[in-house]
Each structure stands twice: as structure tokens, then as C-alpha cells.
Amino acid sequence: MVQGADAGTTKRRGKAKAPPANTQGLTQEQMLQAYRDMLLIRRFEEKAGQLYGMGLIGGFCHLYIGQEAVVVGMQMCLQPGDQVITSYRDHGHMLATGMEARGVMAELTGRSGGYSKGKGGSMHMFSREKGFYGGHGIVGAQVSIGAGLAFANMYREDGTVCLTYYGDGAANQGQVFESYNLAALFKLPVVFVIENNKYGMGTSADRASASKDRSQDGSPWGIPGEQVDGMDVAAVKAAGERAVAHCRAGRGPYILEMQTYRYRGHSMSDPAKYRTREEVQKMREQHDCIETARKILLEAGLPEAELKTVDDDVKAIVADSAEFAQTSPEPDESELWTDILLEAR
Amino acid sequence: MGATILMPALSPTMTEGKLARWLKKEGDAVKAGDVLAEIETDKATMEVEAVDEGTLTKILVPEGTEAVAVNSAIAELDGGEGGAAAKPAEKPAAEEVPEAKAETPGAAAPVGAATHAAPKGPASEPEKDWGPTKSITVREALRDAMAAEMRRDDKVFLMGEEVAQYQGAYKISQGLLDEFGAKRVIDTPITEHGFTGMAVGAAMSGLRPIVEFMTFNFSMQAIDHIINSAAKTLYMSGGQLGCPIVFRGPNGAAARVAAQHSQCYASWYAHVPGLKVVAPWSAADAKGLLRAAIRDPNPVVFLENEILYGQSFECPTDEDFILPIGKAKIERQGKDVTIVAFSIEVGVALKAAEQLAEEGIDAEVINLRSIRPLDIDTIVASVKKTNRLVTVEEGWAFSGIGGEVAMQVIEHAFDHLDAPPARVAGLDVPMPYAANLEKLALPTVEHVVQAAKSVTYKK
């Protein structure tokens, strides 16, 4: 799965671009699937934003809009049994692992049909079946937990790999660097995926870190890293394949810095005054992962009607999830006292 | 198909806002992502983006309108998909959960913790007789417990600083590397935050880590993972993701190591639902409770004491010996006053009871063994007999375990008390280094004797 411009490189620098040339590595079928998966996340998040606006979703709600190519491209590199873990901007990751839109949306509305029976909310969902280990609300905590999932893979010698996602903000936490050391020391099969969306809440990455190339943050421990155009699903997949293969071969951890962008605020209550409207519009118009995929598919000769069918399917799934999330009952009051401790055998 | 655009809530607390400005006018074509309007809240000015495309057919709320309620219609859009018009359901209907919940490792049905439940009645049945005993040190008991459980379950492993090649900073893991190898007895770098998080992840994946802290003082570097990651995830996952892990190591004061190395963390960890907190005193406690902690499907904080490591106690030799977590032990029967203690203070309390006996006061001494869950039944049954309570702990009294025990006794047996409960605790100062000052800061036999006399109104 190595292709043209990326072949043999372990490191690339410079601004992310969205050159269609990079996307030729996918088959049309794969690209269509990626388009569908990215669109599902986009439409799901737009709906979540609406439901939040209607007061049906409470608390914090961090939307993934703009970053869809990262999780969709990376998920294409995984096999059954592999794990995924991330922080609180997690709806996209869950949908990418194949968790059901209904269960995710119903968790957002705090209903019993949600993945955590309504007890976790937007930031705390899990599915052992799909290999999704959360959904963690403490910035950076998921990185050492992810190293632990990889530790268990090594302990069991089962050849599985853990994708550990975190943002450019979390990449400054001390435990991230502790995890780099542990992962390199024990040769853990973990891909550290930094989703650099340029802003940790309202602080731009260059105001938060003296490290200008986060893909090289693991270099003191000899961890190879790449900067990747995270707006290009094929580029993400190509880099992901290299990283996952490295881990599966028992060669230890790998870092991928995804250059990506979130269109919405950090959370719903973010007025986003730290960046210009033009900056956001430029990313949307010139680098949008879904539009890029759409263009490539049309240029490759896919009939527009087929894309319309995908659009309609996705809209139906999202509408159904929103309906479910509003009709699923609130958790029974008895749930207040369950799931605190497990009974010892 | 038309869609109604509603006044959005932009924060968890917003109920209304000012519609400051329309950026689109009636008849304008709208694309997803276009800014439609600006809304002012008490905190900020926010932009309302279009979610669907279409034509803005009608503006219902003119710009400049104050106090527009969240969810009221502000405009109409033609050609959209109707998403914004979706209405909250009036009556929820029953629906199935999205997927069958996967089995949590080593787990049975989830149970709730009800710390406020009334005691279930008289003290529990007497402890099982495990037959012949042998004198061993607490250190050996802990090592034997880990070795026995590691033989029993290959998912159990030990990690921490100096646990393998150095054989343990306090020699607790002596011989384990030889028997189980480097895969299961793992030296970590000095990186508590990182390796604790890693162990928690391994536990979530179904392994059963034992994390040794060289002392519990260093667990402060990792307390986020113990509380936010280990203790809360089962609840936040609706019961899907358990965390079977033991955090163990010496807790409290050793001798002459000053404030940063001499603190009792019992009340810190006991505060948290989702954790179990165990504090053994004798070798039998250490062995039986550590085996139970390793088998427990929940995160267990296991508080040892460095000074006790070298002390010898009789311990059952039965290979299956194990003690239940959550049961206190009456170490000495008495009728005049109940003394509740844990860890090293159990020894102090027993010595005090001997002195009290010489002065005609018959003290009952309860070894808590488990701080959370707290065996309040045994304590209350004892107080109903003696009508007086003294608590003893090495940590500070403020928000301490003694305060909790006393309060629960007041809740459950107020009418049985003939005197206000008394607390014996470490003094409310950081631990001093100087030998004389350190001695003054810690509870002594004499303090316990005095407290018992005061609650029995004897001089």
C-alpha cells in the first residue's frame, strides 16, 4: 500500500496540501466507502449541533467536522481485534469503528439506548466489541491508557495494534512524553496519532509548543514519525498502513501527525474569535476532505446518481439516529446505583 | 420541503439571547456552513451557521430583538432537509440498546454501592477457621500472595520501580522475577503518571496488573489515573469496561523521612466511589486481603505500612487461604469501649487495650482491614454493646477515616452512645524530620489510653 510520492519516506515536512495526485492509491470502491464514512460523520455532527442547539444535548459537545479524513483513513488500516482510543472529540472515531449512530446519538441525549446507558455522555462512550476504548475526558490521559492497551497486545502476543489519538493541545502533556518513552522501551504496538487541528481550544499550536514538528516529538526515543495531510483520506490511509505495519512487525511505536482542521469551535460555546472567518472558509473551500473525495469519484467516472444514493442513505441513518435519540427513554432511576463496582466472583 | 430555523442554545446554560444581526436576507441562497446570523449571549457573540442548503424564505425575528428564547423559530428555509425543524419528542418510547454489551473481564453482575444503607443487623458470622498457622513476616505474606495469584492466573503481572532485578525497593517482590520472568515482573522507569496509565489501559483490556508504588506518596503523580480512569470508567461506560487492578505499596509514615514521604492516603482514596481501599495490619491480613484484591474485578488501593513489613504474625498455611474485602475483624473482645483502628494503629490499639485492662477498662479492638467498603455493621454492633467509640488513625483527623466512622456510628447508633466519640489521629502538621518532633506528631498508645478513659469518664 505504498504509493508514489510517499514511497520510502519516513518523514515529510511543510504545509499540508490537498493534491488529488495523492489520492490515487485507493480503489474506486475504497474511495466510495471512505466518502460514505466521512459523510456519515459530517452529517451526524451537523445533526448533533442542531440537537445541541435545541437543548436536547447537554453539557459539553465537541464536534469533529472538518477532521473526518483522519479517522476514516486510519480505520481502513485496521484489522478485527485492533483497538482505538481517543479523548472527548470522539463521535467521529466511534462511527469510524462501526459503532451505531443510534447508540452514539442516544448517549449524547442522555438516554438509556446510548452506549453508556446515558451515564457517560458525549465524552465517555465505549464499545469493547468494536475495539473502541473511549471517549476520555481528561486531556492526555488516553495516551498512556492507549499505551496500556498496546502493552496488553504485546503481553498476549496476539499481533493487534492500538491507535491512540490526541490533539496538538494534549501533545504537550507530560504523560504523553512518558508514554513515548514507555512505548519505545517496551516496543509497544501503538500508533500515536496526533490530530493537529491547529488550535488547542483557543490557543494556536505555535503559541502552545516550542516543537514545530510534532511528528518528531518521539525522536529522543527513536520513534519514527511523519507529517501527513490529514485532509486527504488516501494520504492518511497510506501513512496509516506504514505505521500499522511497523507496529505489527514488532518494531515498536510510530507517530503520525495529521495536519487537519476543525471547522467548528472547540465546543459548542466557543465563539472562535482566535481565528478569522476567512481562514475557516479557505480550509472548507480548498481542502475539504469530503468535497475532494467527491470530485475524485466524479472524475473517475462514478455517476452522480450513485453519490446521491450514498447521500440519501447517510441522511436516513442520521435522521433515524436523531429520532431514536429523542424517543429512547431516559435511564431508569435505578441506574443511578448500578455499574459502580462489579461483584467479586 | 421547508425547514424552520430555531434559536440555538450555544452553551449548557443559555436560555435566551439577543438576535444581534442577520447576515442573510430573505430570498438569499444559503449553503451549509454559511453564517446566517449573529447572536449575543451574556458571554460572547456567536455565529449561527446554516446546516442545510436552501433559500431563506422568511425571517421571523428581526435583528436587534432581545431575549429571544432558545428553540423559538427565527427563520424559515426552503429546500433544506428539514433537520432543523425536528422537534423534541413528547413521549419517549422504549427501544432496545444499540448492541449486546460485551462481557467485562472476570466480572459478574454489576452491583451498586450504598454507603448510606442501614446496617443489616448484628455483626457478621465469625471468621472461617483456616487451620494450622505459621509465623511469617508481612513482607513474606505479601510476596506469597502475589506469587500464589500469579501461579493461579497468567493474566496477573507486577510492575513498578525496582520490582524485578532489584527484588523490590522494600524487598516485597523478592524471588518473583526468578519464578515468573521479566515478562510478568516488570521494572518501570521512574514515571508514575505514565506507567499507572499504562497499567490501567492493560486492565481495561482484561489483564490484571499489580502496580507497586515505591511509596503511596508517589501515587500523587498518578492519582488522575487511579480516580478518573480506573475508578470511574465502569460507571461512565454503563458497565461495559471494568478495571481489575491493584495499586499497592507502603503508605503513611515510616521513620524520619519527613513530610513528603510520610502521609496516609486512606481518606483520599476512600472518598471515591468505584474504588476499594484495603489496609492490612497482620501477615494474615496482608496475605488474605492481597489475594482477594488481585482477584477482585474492581480497582483496589492496597495500603501497606513499611514499619510492619518486618513484623511477624501467625498466618494460616492453607494454600487456599483468602480473606473477604469489606469485613472487619474483632481482634480483641471487650465490653467497655470500642476502639476502631487500621493498619499499624491496630497494634497501637491492642497495646492500649492491655494497659486499659490493667486499669479495669475492657476494650474491644476492631481491625477495619477494609476502609471502603466499610464494615459498619461490625462497628455498630460493637458500639451497641460498649456504648463508646474511639477511632485511631495515623493520618490527619480533618476529613479523616475516624471522622467518617464516628459519623456513621452517629447515624446508625446515636442513642446507644454514652459519650461523644473520640478521635486519635496524627497531628495537623506536615510530618517533621526531627526525631522528637516526629514522635510528637504520631498517635501513641498513651493517646489511645487517654481517649478511651475520656469516653468512659475515667481519670
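The values are calculated or read from the model by the stated rules, or taken from the named source; none is laboratory data. Quantities reported herein were computed from a predicted structural model and do not represent experimental measurements. FYI the Cβ positions are ideal-geometry reconstructions off the backbone, even for glycines, and counts take in every protein chain you see.
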> Taking the stretch A:325-345, which residues are assigned to a helix (DSSP H, G or I) and within 7 Å of another protein chain (Cβ to nearest Cβ)?
Replying inline: A:326, A:327, A:337
> Quick one: how many residues across the stretch A:120-131 are touching a residue at least 40 places away in the same chain (Cβ under 8 Å) and touching a helix residue (DSSP H, G or I) at 6+ places or on another chain (Cβ under 6 Å)?
Replying inline: 1
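Report, by residue number, each residue of the stretch B:221-232 that is in a helix (DSSP H, G or I) and either in contact (Cβ under 8 Å) with a residue 40 or more places away in the chain or among the small types (Gly, Ala, Ser) (or both).
Let us first name the residues in the stretch B:221-232 that are in a helix (DSSP H, G or I), namely B:221-231.
Once the filter is applied, which keeps residues that are in a helix (DSSP H, G or I) and either in contact (Cβ under 8 Å) with a residue 40 or more places away in the chain or among the small types (Gly, Ala, Ser) (or both), the stretch B:221-232 yields B:222, B:223, B:226, B:227, B:229, B:230, B:231.
Residue under question is residue B:443, and the condition is that it be in the same structural domain as residue B:362 (by TED's automatic domain parsing), at pLDDT 95 or above and loosely packed, with under 14 Cβ neighbours inside 10 Å; does it hold? Steps first, please.
Working: in the same structural domain as residue B:362 (by TED's automatic domain parsing): yes; at pLDDT 95 or above: yes; loosely packed, with under 14 Cβ neighbours inside 10 Å: no.
No, not satisfied.
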>> assigned to a helix (DSSP H, G or I), modelled with pLDDT of 95 or more and facing chain B (nearest Cβ under 7 Å): which single residue out of A:305, A:322 fits that description?
In response: A:322
> When residues of the stretch B:202-225 are filtered for being in contact with a Phe, Trp or Tyr (Cβ under 7 Å, 6 or more places away or on another chain) and under 19 Å from residue A:87 (Cβ atoms), how many remain?
Replying inline: 1
>> Looking at the stretch A:254-283, I want the residues that are under 14 Å from residue A:195 (Cβ atoms) and have a partner that is among the basic types (Lys, Arg) and part of a loop (DSSP other than H, G, I, E, B) with Cβ atoms under 7 Å, at least 6 apart or on another chain. Which pairs are those?
In response: A:261/A:198
> Restricting attention to the stretch B:261-269, does a residue exist that is of a type outside the set (Phe, Trp, Tyr), assigned by TED's automatic domain parsing to the domain that holds residue B:150, under 13 Å from the mean Cα position of the chain (by Cα) and at pLDDT 95 or above?
Replying inline: yes
> Restricting attention to the stretch A:274-283, and to residues there that are within 20 Å of residue A:167 (Cα to Cα) and not acidic (Asp, Glu), which single residue is surrounded by the most Cβ atoms within 10 Å (Cβ to Cβ)?
Replying inline: A:283
> If you take the residues in the stretch A:177-209 that are assigned to a helix (DSSP H, G or I) and hydrophobic (A, V, I, L, M, F, W, C), which one is nearest to the other protein chains (Cβ to nearest Cβ)?
Replying inline: A:182
> Quick one: residue B:165 ticks every box in (1) exposed (fewer than 14 other Cβ atoms within 10 Å of the Cβ); (2) at pLDDT 95 or above; (3) within 14 Å of chain A (Cβ to nearest Cβ) bar one, so which box is it?
Replying inline: (3)
>> Any residue that is away from chain A (no Cβ under 12 Å), surrounded by 16 or more Cβ atoms within 10 Å (Cβ to Cβ), of a type in the set (Ser, Thr, Tyr) and part of a strand (DSSP E or B) - is there at least one of those in the stretch B:39-58?
In response: yes
> Out of the stretch B:326-346, which residues are surrounded by fewer than 24 Cβ atoms within 10 Å (Cβ to Cβ) and either hydroxyl-bearing (Ser, Thr, Tyr) or within 22 Å of residue B:404 (Cβ to Cβ) (or both)?
Replying inline: B:326, B:327, B:328, B:329, B:330, B:331
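Conditions tested, residue by residue: (1) of a type outside the set (Gly, Ala, Ser); (2) within 20 Å of residue B:364 (Cβ to Cβ); (3) in the same structural domain as residue B:303 (by TED's automatic domain parsing); (4) in a strand (DSSP E or B).
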position	(1), (2), (3), (4)
B:394	yes, no, no, yes
B:398	yes, no, no, no
B:414	yes, yes, no, no
B:420	yes, yes, no, no
B:424	yes, yes, no, yes
B:430	yes, no, no, no
B:438	yes, no, no, no
>> For the stretch B:362-392, give me each residue that is under 22 Å from the mean Cα position of the chain (by Cα) and either outside any strand (DSSP E or B) or modelled with pLDDT under 95 (or both).
In response: B:368, B:369, B:373, B:374, B:375, B:376, B:377, B:378, B:379
> Can we say residue B:411 is among the charged types (D, E, K, R), closer than 21 Å to residue B:375 by Cα and exposed (fewer than 15 other Cβ atoms within 10 Å of the Cβ)?
Replying inline: yes
> Going by the conditions given, is residue B:269 more than 10 Å from chain A (Cβ to nearest Cβ) and buried (at least 24 other Cβ atoms within 10 Å of the Cβ)?
Replying inline: yes
>> With the condition being surrounded by fewer than 24 Cβ atoms within 10 Å (Cβ to Cβ) and within 14 Å of another protein chain (Cβ to nearest Cβ), I'd like the helices (runs of 4 or more DSSP H) fully within the stretch A:65-120 carrying at least 3 qualifying residues.
In response: none
>> Anything in the stretch B:299-320 that is part of a loop (DSSP other than H, G, I, E, B) and surrounded by 24 or more Cβ atoms within 10 Å (Cβ to Cβ)? List them, or say none.
In response: B:299, B:305
> more than 30 Å from residue A:126 (Cα to Cα) and within 16 Å of the chain's Cα centre (by Cα) - does that describe any residue in the stretch B:273-282?
Replying inline: yes
> Which one is surrounded by the most Cβ atoms within 10 Å (Cβ to Cβ), of the residues in the stretch A:145-175 that are over 18 Å from residue B:208 (Cβ atoms) and more than 16 Å from the chain's Cα centre (by Cα)?
Replying inline: A:175
> When you go through (1) touching a residue at least 24 places away in the same chain (Cβ under 8 Å); (2) within 12 Å of chain A (Cβ to nearest Cβ); (3) under 11 Å from the mean Cα position of the chain (by Cα) one by one for residue B:243, which number turns out not to apply?
Replying inline: (3)
>> Among the residues of the stretch A:144-162, are any at pLDDT 95 or above, touching a His at 6+ places or on another chain (Cβ under 6 Å) and either part of a strand (DSSP E or B) or within 8 Å of another protein chain (Cβ to nearest Cβ) (or both)?
In response: no
>> Residue under question is residue A:166, and the condition is that it be within 18 Å of residue A:67 (Cβ to Cβ), out of contact with any Lys or Arg (no Cβ under 6 Å at 6 or more places or on another chain) and within 13 Å of chain B (Cβ to nearest Cβ); does it hold?
In response: yes
>> Suppose the filter is within 14 Å of another protein chain (Cβ to nearest Cβ), more than 30 Å from residue B:206 (Cβ to Cβ) and either buried (at least 17 other Cβ atoms within 10 Å of the Cβ) or at pLDDT 85 or above (or both); does residue B:26 pass it?
In response: no
> Here are B:202, B:222: which of them is hydrophobic (A, V, I, L, M, F, W, C), over 28 Å from residue B:260 (Cα atoms) and either within 11 Å of chain A (Cβ to nearest Cβ) or crowded, with 20+ Cβ neighbours inside 10 Å (or both)?
Replying inline: B:202
>> Any residue in the stretch B:176-188 that is touching a residue at least 12 places away in the same chain (Cβ under 8 Å) sitting within a Cβ distance under 6 Å of a residue that is hydrophobic (A, V, I, L, M, F, W, C) and part of a helix (DSSP H, G or I)? List the pairs, counting only those 6 or more apart or interchain.
In response: B:180/B:150; B:185/B:176; B:185/B:177; B:188/B:195
